[in-house]
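A.B. asks: Encoded as C-alpha cells, here's the structure I'll be asking about.
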2 protein chains.
Amino acid sequence: MSVQEQPSLTMDLNEAAAESIGLSDARIADIIAALHEGYAQDLSGLIASLSTSETVDLIQKIGTDDRKVLLDEFTDFFDPDVFSELDPDLRRDTLSEMEAHKVARIVSDLDSDDALDLILNLDPIFQKEILRKLSAKDRVTLEEGLTFPEDSAGRLMQREFVAIPKFWTVGKTIDYLRAAAEDLPDDFRDIIIIDPAYHVSGELPLDRLVKSKRSEKIENITLDTTHTVPAAMDQEEVAMIFRREGLSTAPVIDENERLIGVITIDDVIDVIDEEAAEDILKLAGVEGGDLYRAVLSTTTSRFKWLFVNLITAIVASLVIAMFDATIEQLVALAVLMPIVASMGGNAGTQALTVAVRALATKEVSETNMFRIIWKETLVGTLNGVGFAIIMGLIAALWFSSPLLGFVIGAAMILNLICAGLFGAGIPIFLNRIGADPALASTVFLTTVTDVVGFFGFLGLAALFLV
Amino acid sequence: MSVQEQPSLTMDLNEAAAESIGLSDARIADIIAALHEGYAQDLSGLIASLSTSETVDLIQKIGTDDRKVLLDEFTDFFDPDVFSELDPDLRRDTLSEMEAHKVARIVSDLDSDDALDLILNLDPIFQKEILRKLSAKDRVTLEEGLTFPEDSAGRLMQREFVAIPKFWTVGKTIDYLRAAAEDLPDDFRDIIIIDPAYHVSGELPLDRLVKSKRSEKIENITLDTTHTVPAAMDQEEVAMIFRREGLSTAPVIDENERLIGVITIDDVIDVIDEEAAEDILKLAGVEGGDLYRAVLSTTTSRFKWLFVNLITAIVASLVIAMFDATIEQLVALAVLMPIVASMGGNAGTQALTVAVRALATKEVSETNMFRIIWKETLVGTLNGVGFAIIMGLIAALWFSSPLLGFVIGAAMILNLICAGLFGAGIPIFLNRIGADPALASTVFLTTVTDVVGFFGFLGLAALFLV
C-alpha cells in the first residue's frame, strides 16, 4: 500500500504511514499460505503485482525453506532490480544457486553500476561463466569495472551518461536530446560538458537548460565548479564530497583525466547508509549486516571478536588475582569492584562513540584533536567526581566503612579520567596510524577501563584498608 | 583545494584525495595566525575566498576564543549557507549572540526549509524578534512551518516548487519555464503535475521533458506512481520511502491532499545521516552530537545515562553480595566472575546491535521477528559451548580444579544463551511497545547479562564447589 492510497490524511496519520512502508505482514502471510498450497497460478499474478521494494521485503522476510521454493519457481516473475536491492549476503547465496544464463539475463537488464555490484561477490569461476554469456559490450564494461579497487568510485559509477561540447546552444542540445532519446540513460539530472579530448569542463543541471532560451550558448549557463572524482577514490570520500558540496551528479575520470562515467546521488545514499551501518556494527564487533547469514557462519564470525574480548577479560582477571589475599580479607571488595570497572567502561564508550563518529565525518584533524581529547578528559573528571561522591556514600553506608567509601570514590575518579582520556584518545590515535578506529577501539578501551578500574580500586584498598 | 586541482591523477591517489577533503590544517593555522595578529584586511579576503564547506570547517575546528573573534568580526563575509550547514549546537550558540536584524538578513537569503531549520532551536522570544524583522511573505512561510510537528515532512520540505497542469504540452511547459525563469526555485529536478484543486496527479522528471517533442502532451510522459508525503509524516519514514522507491523529489500534501511543498533528495541525505548518527550515539548513551557542546553541558547530559548504569551495576553487586560467604571460601570465584559477565555483555551487544540496525531499516516485522530472536539464541548457544570449553580448560588448569572449570563452563553457556535471546529480544520488544530500541536496550541487556552471569556462576559454585 503506497502512501497516497491512505483513505484520509489527518495530522495523526504518522503511525498509519509508518505501517504502510513495506509489504504488510498480512500480505506476506497470504503469499506464504498460497505457496504452501501450491497455487502457482494465483501466486504468479500476486508476485507480478508487487513493486520492486515489496518483492525484496517478501524474499528477505520469509523463512529459508519458503524462500527457496519462491526463488526456484518464480524467479522469472521478478524485476531484475529486485536482485540488485536484495541484502548482499542473501543475493550472493541466491545467485550462486541459479544457472549462469539466468544470472546473465538479469545482469544485462541492469545499469552498469548495479550489474557490477551483482556479480562482484560471486565465486570467480561462476563470475567468468556469467561474463561469457553476456554481449561483448556488456562483458567489456563489466570486466573494466572489475579492474577498479573495491569500494572505489570506479565500482560505484555508471557508464551511461550524457555529455556535450560547450560550444553548442540550448536549442541544439534539446534537439540532440530529442533525437537521441532512445539511446540516453533512463534517468539523468545533469549533462556533463566536455572538450574533444573528453576532459570535463563543467556540468549543466537540466533545470538551467530548460529555463534558458534556445539561442543561449551552453558555456554561458554551465556550472564550472565541477567536482570531478578520480576512479580510484574511495567511495567513502566520494560520499563525503557529495555531502559537503551538495552535489547531485559527479563526473568520474580516469588516470588521463578523461570522463569515463558518472556517480549519482542515489548511489551515494547507499554508501552513506552502508558506512553508517558499518561503524555501528564494527563498534559492537559484528561483521557486515549478518541478519540473513546462516547460523554457523554468523557464529564463527562473531566468535573471533568474542575471543579477543576473552583475552581482555582474562587480563582483567589477572589484575584481580594479584589482590586475592586482599579480597579474602575483605569480601566487600569483590562485591564492589565490578561497579568501578563498569562505570569506566560506560563513560569511556560515550567518549569513544563521539570520537569515532567525528572521525567518520572528518570533523577531527590536527587543529582540534587535542582539544577534543582534553574536553573528554575534563568531562570524565567532572563525572568522576560526581559518581565518586554518590558511590562513596553508598559504599560507606552499605559496609559501614567510611574508608571503603573513600577508596571506591578515589578509584572512580581515576577510572573516569582514564575513560575520557583513552575513550577519545584511542580512536584518534588509531586513525592517525591508519587503523580503523571503529573496529579496534572498543577492545583497547575495555582493557584500559577494566585494568585501571580493578587495579585502582583493589590497589587503593590494599594500601588503606587491609 | 578541490579534487580536480590535483597535479596528477594516478591510481594511488586515494590518500591525497582524502587529504584534500575539507580545509587543510595548514590553512587553518594560517588563518588563526592572521586572526591573532589582527590582519583584518588580509583575513577578509582570505575568508571570502573559502567555499561554504571550508568556512564551516574553519568555524567548527578552531578554539572557542578564536571562534568568537572570527564570528564577531567577519560574519558579514560569510555566505548565509554557512550558518545552515554549521553543527546545530554551535549554530544555536552563534546565532543567539548575534543581533536579531543580522539573523533576519541571513534567514531571508535562505530557502524556506533551511531558514526554518535555522530559527527552529532558538529561544522563542528571540525567534519572534527575528520573525518581526522579516518580510510579510517570509514571516508567514516560517510561521506556517513552525506549526508542523518536530522532525516532520512539513519541517523538512521547501515551499518553492514548480507545478503545472497535465493538459499542457512540452512546448508550452518549456516556454513557461523560460518566461518564469526568474521566479523559479534555484535548483529543481522534477515538475509536479497538479489539477486545478492543487491535488497531485503525477511527477515529471526534467530528463523526460527534454527528451520529448514540443507537441507531446505532458500527461503522456508523466510518471503517475507519485509517492506523495503527508506533511505530518515523520522524517525517518520519509527517508525510508525515498530509499525504498529511489525517489529524487516527493510532493508534500496537507490534510486536504493539496500540494504545499516538495522534499528533495539532498534534504533526505541529511536525515539519513542524522538518524544513523543518532542510533550509534544513543546506543552509547550520548545525546545528539555533543562534539561542540560546552564541557559542563556535555557532562550533565552524559551524567544521566551513567547514573542509570550505576543502578544496573549496583543491582549486579547485590547479586554478588548474596554469595559473599561463598567467595570468602574460594577467592578464585572473585577472580573469574567478571569474565562470565563480560563475555555475556559482549555477545549480547552483538545481537543487540544487529537487531537495532534491522529495526531502523524496517527489516524486522511480525513475520520474521521470532526467527531473528531464535537465530541469535542459537548463535549465542553455539558460541557459549565454544567458550565454555576454552574457559573451562583455562580455569581448571589455572586453579587446578576440574570442577571449577565445569562450573565456569556451565555459567558461560547459560549467560551466552541469555545474551542471544535478550540481545535480540529486548530491542524487538521495546519497538513493539513503542519505545526507542536504540535508547534503552543497552541498559536492560547489561542488567540481564550481569545478573545471569554473576548469579549463574556464583550460584553453581555454591552448589558444587563449597
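A.B. asks: Is there a residue in the range A:415-432 that is over 34 Å from the mean Cα position of the chain (by Cα) and in a helix (DSSP H, G or I)? Quick ask: steps written out before the conclusion?
C.D. replies: From the range A:415-432, those over 34 Å from the mean Cα position of the chain (by Cα) are none; that's our starting set.
No, that holds for no residue.
A.B. asks: Now a separate question. Has the range A:58-69 got at least one residue that is at pLDDT below 80 and open to solvent by 40 Å² or more (accessible area, probe 1.4 Å)? Full working, then the answer.
C.D. replies: From the range A:58-69, those at pLDDT below 80 are none; that's our starting set.
No, the conditions are met nowhere in the range A:58-69.
A.B. asks: Consider the range A:382-403. How many of its residues are open to solvent by less than 80 Å² (accessible area, probe 1.4 Å) and either of a type in the set (Ser, Thr, Tyr) or touching a strand residue (DSSP E or B) at 6+ places or on another chain (Cβ under 9 Å) (or both)?
C.D. replies: 1
A.B. asks: With (1) open to solvent by less than 30 Å² (accessible area, probe 1.4 Å); (2) assigned by TED's automatic domain parsing to the domain that holds B:Gly405 as the list, and B:Arg371 as the residue in question, which single condition is left unmet?
C.D. replies: Every listed condition holds for B:Arg371 apart from (1).
A.B. asks: Another one. If A:Gly154 passes every condition in (1) open to solvent by 60 Å² or more (accessible area, probe 1.4 Å); (2) under 33 Å from the mean Cα position of the chain (by Cα) but one, which one does it miss?
C.D. replies: (1)
A.B. asks: Quick one: count up the residues across the range A:70-99 that are open to solvent by 40 Å² or more (accessible area, probe 1.4 Å) and within 21 Å of the chain's Cα centre (by Cα).
C.D. replies: 5
A.B. asks: OK, next. Given the criterion under 23 Å from A:Asp267 (Cβ atoms) and facing another protein chain (nearest Cβ under 7 Å), identify the matching residue among B:Arg244, B:Arg302.
C.D. replies: Details: B:Arg302 fails: under 23 Å from A:Asp267 (Cβ atoms).
Testing whether each residue is under 23 Å from A:Asp267 (Cβ atoms) and facing another protein chain (nearest Cβ under 7 Å) leaves just B:Arg244.
A.B. asks: Over 19 Å from A:Val340 (Cβ atoms) and within 7 Å of chain A (Cβ to nearest Cβ): is that true of B:Arg357 in this structure? Spell out the reasoning first.
C.D. replies: Details: over 19 Å from A:Val340 (Cβ atoms): yes; within 7 Å of chain A (Cβ to nearest Cβ): yes.
In short, yes.
A.B. asks: Here's something else I'd like to know. Restricting the search to the range B:433-450, which residues are surrounded by fewer than 20 Cβ atoms within 10 Å (Cβ to Cβ) and over 25 Å from the mean Cα position of the chain (by Cα)?
C.D. replies: B:Thr447
A.B. asks: Among the numbered criteria (1) over 14 Å from the mean Cα position of the chain (by Cα); (2) without any contact (Cβ under 8 Å) to a residue 40 or more places away in the chain, which one does B:Asp270 miss?
C.D. replies: (1)
A.B. asks: Let me ask another. Which ones in the range A:189-214 are within 11 Å of chain B (Cβ to nearest Cβ) and either more than 34 Å from the chain's Cα centre (by Cα) or part of a helix (DSSP H, G or I) (or both)?
C.D. replies: A:Leu206, A:Asp207, A:Arg208, A:Leu209, A:Val210, A:Lys211, A:Ser212, A:Lys213, A:Arg214
A.B. asks: Yes or no: A:Thr312 open to solvent by less than 40 Å² (accessible area, probe 1.4 Å) and more than 7 Å from every other protein chain (Cβ to nearest Cβ)? Break it down into steps so the answer makes sense when it comes.
C.D. replies: Numbers: open to solvent by less than 40 Å² (accessible area, probe 1.4 Å): yes; more than 7 Å from every other protein chain (Cβ to nearest Cβ): yes.
Considered against the rule, which asks whether it is open to solvent by less than 40 Å² (accessible area, probe 1.4 Å) and more than 7 Å from every other protein chain (Cβ to nearest Cβ), A:Thr312 comes out as yes.
A.B. asks: Suppose the filter is open to solvent by 10 Å² or more (accessible area, probe 1.4 Å) and within 26 Å of B:Thr300 (Cα to Cα); does A:Phe406 pass it? I'd like the intermediate steps shown before the answer.
C.D. replies: Working: open to solvent by 10 Å² or more (accessible area, probe 1.4 Å): yes; within 26 Å of B:Thr300 (Cα to Cα): yes.
Answer is yes for this residue.
A.B. asks: Give the residue that is farthest from the other protein chains (Cβ to nearest Cβ), with candidates limited to residues of the range A:315-325 that are crowded, with 20+ Cβ neighbours inside 10 Å and part of a helix (DSSP H, G or I). Even if it seems obvious, please write down each step before you answer.
C.D. replies: Taking the range A:315-325 as the starting set, the residues that turn out to be crowded, with 20+ Cβ neighbours inside 10 Å are A:316-317, A:319-320, A:323.
Of the ones still in play, those that are also part of a helix (DSSP H, G or I) are A:316-317, A:319-320.
Working: A:Ala316: 6, A:Ser317: 5, A:Val319: 9, A:Ile320: 5 Å.
That would be A:Val319.
A.B. asks: Related question: Check A:Tyr176 against each of (1) within 28 Å of A:Glu237 (Cα to Cα); (2) open to solvent by 60 Å² or more (accessible area, probe 1.4 Å); (3) part of a helix (DSSP H, G or I) and name the one condition it does not meet.
C.D. replies: If we test A:Tyr176 against (1) within 28 Å of A:Glu237 (Cα to Cα); (2) open to solvent by 60 Å² or more (accessible area, probe 1.4 Å); (3) part of a helix (DSSP H, G or I), just (1) comes out false.
A.B. asks: Inside the range A:376-398, can you point out the residues that are without any contact (Cβ under 8 Å) to a residue 24 or more places away in the chain and closer than 28 Å to B:Asp66 by Cα?
C.D. replies: A:Leu382
A.B. asks: Additional query: B:Glu366 fails exactly one of the following numbered conditions: (1) in contact with a Phe, Trp or Tyr (Cβ under 7 Å, 6 or more places away or on another chain); (2) surrounded by fewer than 19 Cβ atoms within 10 Å (Cβ to Cβ); (3) without any contact (Cβ under 8 Å) to a residue 60 or more places away in the chain. What is the number of that condition?
C.D. replies: Checking B:Glu366 against (1) in contact with a Phe, Trp or Tyr (Cβ under 7 Å, 6 or more places away or on another chain); (2) surrounded by fewer than 19 Cβ atoms within 10 Å (Cβ to Cβ); (3) without any contact (Cβ under 8 Å) to a residue 60 or more places away in the chain, the one that fails is (1).
A.B. asks: Of everything in the range B:123-138, what is under 29 Å from the mean Cα position of the chain (by Cα) and either open to solvent by 60 Å² or more (accessible area, probe 1.4 Å) or outside the structural domain of B:Met98 (by TED's automatic domain parsing) (or both)? Give them in sequence order.
C.D. replies: B:Asp123, B:Pro124, B:Ile125, B:Lys128
A.B. asks: Still on this model: When you look at B:Thr326, is it over 43 Å from the mean Cα position of the chain (by Cα), β-branched (Val, Ile, Thr) and farther than 18 Å from A:Ala313 by Cα, yes or no?
C.D. replies: yes
A.B. asks: Scan the range B:339-354 and give yes if some residue there is open to solvent by less than 10 Å² (accessible area, probe 1.4 Å) and more than 9 Å from chain A (Cβ to nearest Cβ), otherwise no.
C.D. replies: The answer is yes, given that some residue of the range B:339-354 is open to solvent by less than 10 Å² (accessible area, probe 1.4 Å) and more than 9 Å from chain A (Cβ to nearest Cβ).
A.B. asks: Please count how many residues of the range A:326-344 are touching a residue at least 24 places away in the same chain (Cβ under 8 Å), more than 19 Å from B:Thr447 (Cβ to Cβ) and in a helix (DSSP H, G or I).
C.D. replies: Here the count works out to 5.
A.B. asks: Quick check, is A:Ala347 of a type in the set (A, V, I, L, M, F, W, C) and either at pLDDT below 95 or within 28 Å of A:Ile241 (Cα to Cα) (or both)?
C.D. replies: When the stated conditions are applied, A:Ala347 does not pass them.
A.B. asks: Give the range A:139-151 a look and list any residue that's without any contact (Cβ under 8 Å) to a residue 12 or more places away in the chain and either in contact with a His (Cβ under 6 Å, 6 or more places away or on another chain) or open to solvent by less than 30 Å² (accessible area, probe 1.4 Å) (or both), or say none.
C.D. replies: Hits for the range A:139-151: nothing passes.
A.B. asks: Kindly indicate whether A:Lys166 is out of contact with any strand residue (DSSP E or B) (no Cβ under 9 Å at 6 or more places or on another chain) and buried (at least 16 other Cβ atoms within 10 Å of the Cβ).
C.D. replies: Criteria not met by A:Lys166.
A.B. asks: Kindly list, by first and then second residue, each pair from a residue in the range B:36-56 that is farther than 17 Å from B:Leu23 by Cα and assigned to a helix (DSSP H, G or I) to a residue that is of a type in the set (Asp, Glu) and open to solvent by 40 Å² or more (accessible area, probe 1.4 Å), limited to pairs with Cβ atoms under 7 Å and residues at least 6 apart or on different chains.
C.D. replies: What qualifies is B:Ala40/B:Glu73.
A.B. asks: Also, I was wondering about something else. Any chance the range A:442-457 includes a residue that's in a helix (DSSP H, G or I) and under 18 Å from B:Val295 (Cβ atoms)?
C.D. replies: No, that holds for no residue.
A.B. asks: Pull up the range A:225-236, narrow it to residues that are over 20 Å from B:Phe188 (Cβ atoms) and without any contact (Cβ under 8 Å) to a residue 40 or more places away in the chain, then point me to the one that is nearest to the other protein chains (Cβ to nearest Cβ).
C.D. replies: Once the filter is applied, the top-ranked residue is A:Thr228.
A.B. asks: So A:Glu255 clears everything in (1) assigned to a helix (DSSP H, G or I); (2) within 9 Å of chain B (Cβ to nearest Cβ); (3) out of contact with any helix residue (DSSP H, G or I) (no Cβ under 6 Å at 6 or more places or on another chain) except one condition, right? Which one?
C.D. replies: With (1) assigned to a helix (DSSP H, G or I); (2) within 9 Å of chain B (Cβ to nearest Cβ); (3) out of contact with any helix residue (DSSP H, G or I) (no Cβ under 6 Å at 6 or more places or on another chain) applied to A:Glu255, the lone miss is (1).
A.B. asks: What are the residues in the range A:419-432 that are open to solvent by 30 Å² or more (accessible area, probe 1.4 Å) and either under 22 Å from B:Ala347 (Cα atoms) or at pLDDT below 95 (or both), if any?
C.D. replies: First pass over the range A:419-432, keeping only residues open to solvent by 30 Å² or more (accessible area, probe 1.4 Å): A:421-422, A:429, A:431-432.
Scanning the range A:419-432 gives A:Asn431, A:Arg432.
The values are calculated or read from the model by the stated rules, or taken from the named source; none is laboratory data. Note that the coordinates shown come from a computational prediction; the quantities given were computed from them, not determined experimentally. Counting neighbours? That spans all protein chains shown, and the Cβs are built from the backbone with ideal geometry, glycine included. Side chains are part of the model used for accessible areas, which takes the heavy atoms of the whole protein and leaves out ligands, DNA and RNA. Shrake-Rupley method; radii C 1.70, N 1.55, O 1.52, S 1.80 Å.
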